[in-house]
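Colleague: Submitted below is the structure of interest, expressed as structure tokens.
The values are calculated or read from the model by the stated rules, or taken from the named source; none is laboratory data. Quantities reported herein were computed from a predicted structural model and do not represent experimental measurements. Note: ideal-geometry Cβ built from the backbone for every residue, glycine included; neighbour counts use all protein chains shown.
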């Protein structure tokens, strides 16, 4: 699966009606960094990906199948099945973080 991070950010900005500059200021980044991410010239760090996902409400675009932990508590009993589903999601998230980290290190060497 090929996730276009730049397009997800672009759509998130549009959906939230904020500018690259506003996002940059909120994240403590430069506007040029945001532009590089949007144009897929550079990749955000894993931490920045999670900030972007949360701020722009694009978690499902960046991490398909990921469900926020707090979403489990709404109208669902917290039995062992729920705990196991949370564990599987966290395991999947850890794998995605590792993959993104390895891709990020490869992109940085190019």
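Listed here are the residues, each with its yes/no results for (1) exposed (fewer than 14 other Cβ atoms within 10 Å of the Cβ); (2) assigned to a loop (DSSP other than H, G, I, E, B); (3) at pLDDT below 65; (4) touching a strand residue (DSSP E or B) at 6+ places or on another chain (Cβ under 8 Å).
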| residue | (1), (2), (3), (4) |
| --- | --- |
| 53 | no, no, no, no |
| 60 | yes, no, no, no |
| 64 | yes, yes, no, no |
| 95 | yes, no, no, no |
| 100 | no, no, no, no |
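Colleague: Mind checking which residues of segment 66-84 are over 20 Å from residue 50 (Cβ atoms) and either part of a helix (DSSP H, G or I) or at pLDDT 75 or above (or both)?
Modeller: Once the filter is applied, which keeps residues that are over 20 Å from residue 50 (Cβ atoms) and either part of a helix (DSSP H, G or I) or at pLDDT 75 or above (or both), segment 66-84 yields 80, 81, 82, 83, 84.
Colleague: Can you tell me which condition residue 105 does not meet? The list is (1) at pLDDT below 70; (2) surrounded by 11 or more Cβ atoms within 10 Å (Cβ to Cβ); (3) in a helix (DSSP H, G or I), and all the others hold.
Modeller: Only one criterion is unmet by residue 105, namely (2).
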